[in-house]
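Single-structure report; data block below.
The values are calculated or read from the model by the stated rules, or taken from the named source; none is laboratory data. All values derive from a computational prediction rather than experimental measurement. Cβ atoms come from the backbone with ideal geometry, glycine included; neighbour counts cover every protein chain shown. Surface areas here come from the heavy atoms of the whole protein model, side chains and all, with no ligands, DNA or RNA. Shrake-Rupley method; radii C 1.70, N 1.55, O 1.52, S 1.80 Å.
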Amino acid sequence: MCGVVGYIGGKNAVDVVVNGLKKLEYRGYDSSGVAVVKDGQLQIIRSVGKLKNLEENIEKKHLKSNISIGHTRWATHGKPSEENAHPHADPTKSIVIVHNGIVENYAELKSDLEKEGKEFKSETDTEVIAHLIKKHYKNNLLFAVQESLKEIKGSYALGVICKDEPDKIICARQDAPLIIGIGKGENFLASDIPALLSYTRDMIFLENGDIAELTTSRIIITDIENNVKKREVKNIKWDYVQTEKKGYKHFMLKEIYEQPRTIEDTFMGRIYPDEGRVYIKKIKLSEKDIKNISNVYIVGCGTSYHSGLVSKFFFENFAKIHAEVDIASEFRYREPILNDRTLVMVISQSGETADTLAALRLAKSKGCITLAICNVVGSSMSREADHVLYTHCGPEIGVASTKAFTGQIAAIYILALDWAWRKKSLSKEELKRYLKELWEIPVKIRNFLKESGSVREVAKKFAHKRNFLYLGRNVNYPVALEGALKLKEISYIHAEGYAAGEIKHGPIALIDNDMPVVAIAVKSKIYEKIISNIEEAKARGGTIILIASESDKIALDNEDSVIYVPDCDEFISPILSVIPLQLLSYYVAVMLGCDVDQPRNLAKSVTVE
Ligand code: F6R
């Protein structure tokens, strides 16, 4: 939801900011802009559409400076237009800001400012912040920002520059991520790590309420009352090249192919299949604590919610703990029964999704034990939860989540096996077997990806269809939901995921010979059941795309298709069966000419409710 970048130092700040924005374009891509101070004046350039339009504009105007802030937008208030694009300045053009977040009381503030004779140029909530800062400005930008933020209700990651103080950037954070990058004779700010990785690995993750002043040589962090705050500097290990496409046409394809490694990175050093043991150092829950947990709520949004649905099976079958799964935006507004024996596990790739973060805060306020499964180091959820288990997937840039899903499943699988060991709810032999199954998965995915031509063929055959049904059962029912979500979001094709046993209760009415039915029928204890459901669909004219286990040589009708995946145990099978579905949606989207990495109306990190 909008990306913010800022730079002050010896380089051409506009280049640094635009490079950073390129890495943040996944956060929003309907318009963008930059502002600089040059020769004592503010200059602002904004463009509608993708960042390349802004770059062309910058080039035409030869914009250069050693201080700049920039923004890439995902519209909340006001349509995508040049007027609504950030940066926004006050009417005298002395203060300019970029903002990610929402000013909840903007209507009230705007009306007060209008009564004072101030004119507004945009329909955004952000513009009021620029007006307020100007109103409070008395030759001290930091003070003016502190005073203005006292009047603002809502969320913000803010970058501010002023023509009269061209040696500093002020930034502030409340409920929207903001990171400071530390350089030598230069400093940076950005909404997310990838924007800064090519310049520095030393980063400070601002906390809510922090306001910072950056000059070329100094970083001062205060709160709204000007009390100085000390924040830890973290060294980020992510590899810069992970944020590049590395020869792949799209980030999504690269990220699909990265999965053998990202799954391995997530379990490596944490599991010992020969001993039947899992060691997760960072979670400081004792055996007694774990035995005391009465139930687990698993909460997330979108793809992370789907991995939560898979995880429920792990908690119940391995650790024998009752688990419920909830969509974060629902959980936070119903009155879930929570107490200090409830573990609330939030799952989030970004660690910043507004609804999931709110669910985490609700759980904390009720005294629950909280655990975050996150990919982004230092993200809000990872800092606010009592415990964090990181997936080691590296940056996920494609808006459609792929490697985060399989990384989350791998992480929670080992967590549940660890608890099973501590609770002695599985035998040593069972633990060894389940760990070995996970250990072998990366090789199986690698082998599948080498031979994945069949998926492209299936995509070619069905790309023109306008509706798809996805069916799965048990642990692969969430995979059906995930497959349908992937197709919807990047191909704009209507797709529904169903529990296969449920179709005769309604959805079967949709099936005719124009409706492809993607059915996940890998080997499992309910294999025969799903095969019967497939027969029901075929009897109504449905064309089947079957995801089946390699050892299962199924007899198919001519018009049907099958994609074989390597055999594995059913609990870990979602990690494998989702791969052909990710690829299927990818190839269909490419065949339809869709913008795979930046699908319409979406943003990677949903930091607004
Ligand atoms: C789908 C997708 C979204 C995210 C959801 C949660 O491909 O990317 O559904 O999974 O917005 O995001 P995180 O995991 O960052 O909380």
Exercise for the section: From (1) farther than 27 Å from residue 600 by Cα; (2) within 15 Å of the ligand (Cβ to nearest atom), pick out the condition that doesn't hold for residue 362. Expected result: (2)
Exercise for the section: Among the candidates 438, 415, 431, 426, single out the residue that is of a type in the set (A, V, I, L, M, F, W, C), open to solvent by 10 Å² or more (accessible area, probe 1.4 Å) and away from the ligand (no atom under 14 Å from the Cβ). Expected result: 426
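So, of the residues in region 285-312 that are under 23 Å from the mean Cα position of the chain (by Cα) and closer than 25 Å to residue 429 by Cα, which turns out to be farthest from the ligand (Cβ to nearest atom)? Give the derivation first.
In the first step, residues of region 285-312 are kept if they are under 23 Å from the mean Cα position of the chain (by Cα); the result is 296-312.
Applying the additional criterion that residues be closer than 25 Å to residue 429 by Cα yields 310-312.
Numbers: 310: 13, 311: 13, 312: 17 Å.
Result: 312.
Taking into account only those residues within region 3-21 that are within 23 Å of the chain's Cα centre (by Cα) and without any contact (Cβ under 8 Å) to a residue 60 or more places away in the chain, which is nearest to residue 203 (Cα to Cα)? Full working, then the answer.
We begin by selecting, within region 3-21, every residue within 23 Å of the chain's Cα centre (by Cα); these are 3-6, 17-21.
Adding the requirement that they be without any contact (Cβ under 8 Å) to a residue 60 or more places away in the chain leaves 17-18.
Working: 17: 16, 18: 19 Å.
If we take residues in region 3-21 being within 23 Å of the chain's Cα centre (by Cα) and without any contact (Cβ under 8 Å) to a residue 60 or more places away in the chain, then 17 is nearest to residue 203 (Cα to Cα).
Table: residues versus (1) under 17 Å from residue 6 (Cβ atoms); (2) open to solvent by less than 30 Å² (accessible area, probe 1.4 Å).
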| site | (1), (2) |
| --- | --- |
| 114 | no, no |
| 154 | no, yes |
| 157 | yes, yes |
| 163 | yes, no |
Problem - Whichever residue in region 125-152 is more than 23 Å from residue 192 (Cα to Cα), of a type outside the set (A, V, I, L, M) and in a loop (DSSP other than H, G, I, E, B) and, among such residues, is most open to solvent (accessible area, probe 1.4 Å) - result: 138
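Name the strands (runs of 3 or more DSSP E) wholly within region 304-389 that hold at least 2 residues that are modelled with pLDDT of 95 or more and open to solvent by less than 10 Å² (accessible area, probe 1.4 Å)?
Where strands (runs of 3 or more DSSP E) fall fully within region 304-389 and carry at least 2 residues being modelled with pLDDT of 95 or more and open to solvent by less than 10 Å² (accessible area, probe 1.4 Å), they are 342-348, 369-374.
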Exercise for the section: Spot the failing condition for residue 265; the list is (1) more than 23 Å from residue 66 (Cβ to Cβ); (2) not in a helix (DSSP H, G or I), and only one is missed. Expected result: (2)
Completion exercise
Pairs returned, first residue in region 589-609 that is more than 11 Å from the ligand (Cβ to nearest atom), second residue that is among the polar types (S, T, N, Q) and not in a loop (DSSP other than H, G, I, E, B), beta-carbon separation under 7 angstrom, 6 or more apart or interchain, are 589/491; 592/491; 594/491
Practice task
Report whether or not residue 495 is of a type in the set (Gly, Ala, Ser), assigned to a helix (DSSP H, G or I) and open to solvent by less than 10 Å² (accessible area, probe 1.4 Å).
Solution key: no
